[in-house]
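Single-structure report; data block below.
Just so it is clear, none of the values below were taken in a lab; they were calculated from the coordinates. Here the structure is a predicted model, which is why all the values come from computation and not from measurement. Backbone-built Cβ (ideal geometry, glycine too); neighbour counts: all protein chains shown.
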Amino acid sequence: MVEQAQKPGRGRPRSSSRELLEDAAFELFLENTYAKTTIEQITQRAGVGRSTFFNYFQGKSDVFWVDVDGAVQQLSDALADQAPDARPLPAMGAALASVTREFGPSRVPWILTQYALIGSAPEVQASALARFSQWAGILATFAGVRLGLDPASTLPRTIAYSLTGALVAAAQEWAAAGTARGSLEPYVTAATAPLLTAFAPRSALHPAAPSL
């Protein structure tokens, strides 16, 4: 289900040029489609210069990911806050819960509810893959360090990409739930719980790894 988009109210104050650019971009994507909207049109609508756009975004598709990009540092911080003696999988689950509980009905990444209006633009798909890989990389590094393994080895990467896939699936289900969706956290907890349980018996996958 595609949630009805609401254009930002022109009367509310903006706190930054970035927010002006976000609002302008989303308005134009709805009016003209993503493919037919240019960076020049976005900057003109926002009333800022082209250089200002590139102060905040590398490309047009990056406008979609402000909330997601902001959560990357939150994930790193949440993992760093886990107790040194905490088992890796529960610690990763707790960190993901901590980050995703910040996403609620008033904070939904625009791309999740308006994807059907965007279409399958290759650059949007590429930008999505880059974000997923970044999250998986952070999780793999944490898993590798806690397990005493190379983060690029099979086990940490399998855990990390599995959890990232579950996170994406949970976010899609959460977005489709509409205005009554509540917090993202319980969706993520439900999606990752089977994985946390499945990876727990370490001896089945990597006899040398400590308990997860």
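The three principal axes of the Cα atoms in the range 17-57 give end-to-end lengths of 24, 16, 15 Å, sorted in falling order.
Ordered by the number of other Cβ atoms lying within 10 Å of each residue's own Cβ, fewest first, Glu27, Glu40 fall into the sequence Glu40, Glu27. Of the residues Ala71, Val99, Ser162, the one whose Cα sits farthest towards the positive end of the charge dipole of the range 63-203 is Ser162 (charges of +1 on Lys and Arg Cβ, -1 on Asp and Glu Cβ, taken about the Cα centre). Ranked by how many other Cβ atoms sit within 10 Å of their own Cβ, fewest first, the residues Thr141, Thr189 fall in the order Thr141, Thr189. One decimal place: the segment Ala176-Ala193 gains 4.1 nm when fully extended, by the rule 0.36 nm per residue minus the C-alpha distance. Note on Ser133 and Glu40: the model spin-label points, each 7 Å out from Cα along the C-beta direction, lie 3.1 nm apart.
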